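Each remark here refers to the structure printed beneath this line.
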Amino acid sequence: AVVSTQSTGDCPDLSVWGGIAAPGLGGMSTVADVGGVPNLIPRPKVDKEYSLPTIAELCGIPGATVIGPSAVASVKVGKNAELVNNFKVGRENRSWYTRVTDETNDTYLCEKYPHDSFGLLGNLYLSQGLPSPVIKVSARIRTGHRNFITTMNEGLSADFGENTVAVGGVFMLKEGKTKCHVMPGFSCTPIRSDDDVNRWLRFYLMSAPLIHTSVFVSRDPGLDLRLEHSHCFSEHGDGGHYHFDTTPDTVWYEGYFSLAERIMRIDAPEVTHQIGRD
């Protein structure tokens, strides 16, 4: 992107800026990769449900603020869907989920998610939610073929090489439109390729303003990590899994990010693959 700025400084109050469950991203910052895509593909393992308070305990942050993308706990909501975890353990739940409401007419809805667990897979950023220095990135006008997060992650990979850098944070699409997907009901047949994944998913154009929670990692140090994952929500009904913007001449992103002090790998699937990780 051009007309972009990057700076470090104090974090704005994210609870006001973007409806996040805590004001900041500071304190014991941890990226947790939980479960994984092999719990969804080729066949869903619907018994894989994860408690946010338990994940926080495992990470050594009992009262953590937990943000990041995952699948919903399908046994709780009655179907598969996209989830934005936005949760302060023991205090506040500001999570949202997006589900396909009518698979025949291809309609969807983003609404509040009242549960403290998720299913199948999750890429989470945990912290004490404290105000702290952050990396602010503002970008307008996309000239390349990479999305906002991939552009930053490729820069990290180029700069840090064999060292792994993990980042979590939030960003807003302030102007423009994006292509997102929403998972429909679980596939009746095994999904065995990326083409199968794309035929199964439902893709939509969604409009600003959209708030995203995002986790990205510059390289996998051998833990079978998902390198990028971002989900969005809004109060106007749009939400889902972020792919890229479709309005390069007018797009405007603003985001606040923090480096993780550590990476936790929790319940990694015994049998893995690289399908469906876009």
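Key figures for this structure:
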| item | result |
| --- | --- |
| Table column - 3J(HN,Hα) (Hz), segment 52-66, Karplus curve with 6.51, -1.76, 1.60, x for Gly and Pro | 5, x, 5, 4, 4, 4, 4, 7, x, 10, x, x, 5, 8, 10 |
| Cα-centred dipole magnitude for segment 183-271, charges only on beta-carbon of K, R (+1) and D, E (-1), debye, nearest 20 | 180 |
| Globularity ratio of segment 1-67, using Cα Rg and 2.2 N^0.38 Å | 1.52 |
| Tensor-based shape of segment 152-231 (alpha-carbon gyration tensor, a/c under 1.5 rounded, otherwise prolate or oblate) | oblate |
| Relative contact order (%) - criterion: Cα under 8 Å, at least six apart; region: segment 118-266 | 38 |
| Cβ-based net charge around Gly36, under 15 Å, with every Lys or Arg adding one and every Asp or Glu removing one | -3 |
| Percent of alpha-carbon pairs separated by more than 27 Å within segment 81-231 | 31 |
| Kirkwood-based shape ratio for segment 40-160, expressed as Rg/Rh from alpha carbons | 1.02 |
| Where GluC sites (Glu not before Pro) fall in DSSP loop in segment 183-278, at most 15 other Cβ within 10 Å | Glu235, Glu261, Glu270 |
| Kirkwood-Stokes translational diffusion coefficient of segment 224-275, alpha-carbon pairs, 4 °C, 1.567 mPa s, µm²/s | 87 |
| Average silhouette area of the chain, convex hull of alpha-carbon atoms, in square nanometres | 13.4 |
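None of the figures in this text is laboratory data; all of them are computed from the coordinates on show. Since we're looking at a predicted model, the values are computed, not measured. Quick reminder, even Gly has a Cβ in these numbers, built from the backbone with ideal geometry, and neighbours come from all protein chains shown.
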